[in-house]
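Visitor: Sharing a structure below in structure tokens format, with a few things to ask.
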Amino acid sequence: MKHFLKRHKAHHKSLLLLAGPMILSNITVPLLGLVDTAVIGHLGSAHYLAGIALGSTVISLLFWLAGFLRMSTTGLVAQAYGKNDLTLLGELLKRSLLLATGVALLLIALSTPIQSLMAYLSNANQAVLEQAYSYFSVRIFSAPAALCNLVLLGWMLGVHYGRGPFYLLLITNITNIVLDIYFVVFLNWGVAGAAWASLIADYIALGFAVFLVLQLAKKQGINLAVKAWLSVAKIGELLNLNRDIFIRSLALQLCFSFMTFYGARIGETTLAANAVLLNFLMLVSFALDGIAYASEAKVGKAKGEQSVEHIKLWVNLSLFWGGLFALFYSLIFFVFGGAIIRLLTDVPEVVSMATHYLPWVIILPIAAMGCFLFDGVFVGLTRAKDMRNTMLISATFGFFGLFWLVSDWQNHGLWFAMTSFMLLRGVTLWLRYRAMVKQQQLLI
């Protein structure tokens, strides 16, 4: 390992300089989830925590399904950056923002049937549903800001401006946390207060993100006044790429949503306990995503430069640092997991059940490391079909198929299926990457 560090010292530094700001800012994202859970978890009843878990899960499902906006933007922009095509960089930004706005308006238009579907799938009791509706009916109107922010964040990553996303996510989440505490604790707005905090923070972040992008474009001579950006053919290509990433994201979110909805069917306490434990997974995912985001930008730029050697190098470096972070988080959860659970909630039955299932969370970082990092590699390569296919295989056999076999295990079965699903995602992506290397397809 010492030789590996010394031999590629400059590349390690370059990767970490890009990943570091993202890791630091991403840590505020699960911190926001922790604050949401903590302020609601201390209101005195499990139905508050279960309600925000259900409502925020649906919002997360919708907004994370739109994660294709950030992924496709980062991959395409990184490749254009590698080619030094300043005009294309401006075109890609405008096309992606147009698509984000259209998707956001569609989500708002479908909000009523989405709420009905939420009630049907969860089969939660009326007290839980009232809290979930209270959160969802406010938060859905943040969609235009949240989705455009995904595009702007992805664009900044693609041009290797790591500090931009750092500032953006930091301002978003700190604003959200402060408003969360003020609205819920001091104004007693309950679950709706958490939703209003998120909505206001998203729109503040949008204004800041636009400012950052305009300043960056001016500094680097990127032409944002391009007139050819509305090309039907180019928009069609963008839609095809986003379609495959959307299908991939849909399969991923179906698995996570199944955890919540099936937990609700088992019982209110199980739903609340899983909501607490999923915050651990979010902490891991956003930390590893910091490395993955850097990998997207580095691999995409290397492809734009037509350098197979650099693609392989960035993949190896990403796996090295991702493995170290995964081991670190498993150790932290092993030592401090019980204390973190008690910090999040003081409802005795929720604390007891979450502690019972804690071992699954301890092993998840190691099992999931590969899928997070190879997602970044394939985004940089814009290999959306491969991401779609491996995700469908993993969700069908690694999650739903496996859970069907062990459904008698109830919540243990859910966590076993989730762990296997994450592991299989990494394995299938790694196998596909090795095949592409062997067949010399990395630049296709």
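Any read-out appearing in this document is the output of simple, stated calculations on the displayed coordinates, not a laboratory observation. In this text the structure is predicted, and so the values were computed from the model without any measurement. Glycine gets a Cβ as well: all are built from the backbone with ideal geometry, and neighbour counts include every protein chain shown.
Visitor: Send over the Kirkwood Rh of the stretch 242-290, from the inverse of the averaged 1/r over different Cα pairs, rounded to one decimal Å. Intermediate values should be presented prior to the final figure.
Guide: Values: mean 1/r = 0.0830 Å⁻¹.
It is 12.0 Å.
Visitor: Hey, another quick one. Towards the positive end of the charge dipole of the chain, with charges on Cβ (+1 Lys, Arg; -1 Asp, Glu), say which of Leu49, Tyr329, Ile140 has the farthest Cα.
Guide: Tyr329
Visitor: Answer rounded, prolate or oblate for the stretch 124-230, using the Cα gyration tensor with square roots of eigenvalues a ≥ b ≥ c: rounded when a/c is under 1.5, else prolate when a/b is larger than b/c, else oblate.
Guide: Numbers: a/c = 3.47, a/b = 2.20, b/c = 1.58.
In terms of gyration-tensor shape, prolate.
Visitor: Of the cross-linked pairs Lys9/Lys234; Lys9/Lys385; Lys219/Lys438; Lys218/Lys385; Lys13/Lys83, which ones have a Cα-Cα span greater than 31 Å in the structure shown?
Guide: The answer is Lys9/Lys234; Lys9/Lys385; Lys219/Lys438; Lys218/Lys385.
Visitor: Taking a label point 7 Å from the Cα of Phe328 along the Cα→Cβ vector, which residues of the stretch 287-303 have an amide N closer than 16 Å to it?
Guide: From the stretch 287-303, the list is 287-295.
Visitor: Taking the mean number of other Cβ atoms within 10 Å as a proxy for protection, how do you rank 259-265, 328-334, 148-154 from highest to lowest?
Guide: So the peptides 259-265, 328-334, 148-154, ranked by packing, come out 148-154, 259-265, 328-334.
Visitor: Provide the FRET efficiency to the nearest 0.05 for the Leu405-Ser137 pair, computing r from the beta carbons and using R0 = 51 Å. Could the numbers behind the result be given before it?
Guide: Values: r = 38 Å, r/R0 = 0.75.
So, using R0 = 51 Å, E works out to roughly 0.85.
Visitor: What percent does the relative contact order of the stretch 334-426 come to when contacts are Cα pairs within less than 8 Å and at least six residues apart?
Guide: Answer for the stretch 334-426 is 34 percent.
Visitor: Cut-off 10 angstrom, C-alpha nodes, Gaussian network model of the chain. Which of Arg434, Arg139, Arg425 fluctuates the most?
Guide: Arg434
Visitor: Would you work out the charge dipole size for the chain about its Cα centre, treating the Cβ of every Lys and Arg as +1 and the Cβ of every Asp and Glu as -1, and quote it to the nearest 20 debye?
Guide: 1840
Visitor: Once phi is turned into θ = phi - 60°, what whole-Hz ³J(HN,Hα) does the Karplus curve with 6.51, -1.76 and 1.60 give for every residue of the stretch 91-97, x standing for Gly and Pro?
Guide: Karplus values, whole Hz, x for Gly and Pro: 4, 4, 4, 5, 5, 5, 5.
Visitor: Ok, one more. Please find, in a Gaussian network model of the chain (springs between Cα atoms separated by less than 10 Å), the residue of Gly380, Gly90, Gly300 whose mean-square fluctuation is greatest.
Guide: Per the Cα network of the chain with a 10 Å cutoff, Gly90 tops the list.
Visitor: Where nothing but the Cβ of Lys and Arg (+1) and of Asp and Glu (-1) is charged, how large is the charge dipole of the stretch 243-325 around its Cα centre, in debye to the nearest 20? Walk me through the intermediate numbers first.
Guide: Values: 7 positive and 6 negative charges, 31 e Å.
That gives a dipole near 140 debye.
Visitor: Still on this model: Which order, highest average first, do 103-116, 354-367 follow once you tally other Cβ atoms within 10 Å for each residue and take the mean per peptide?
Guide: 354-367, 103-116
Visitor: Going by Cα centres, the stretch 119-171 and the stretch 374-419 are how many Å apart?
Guide: First find each Cα centre; the distance between them is then 23 Å.
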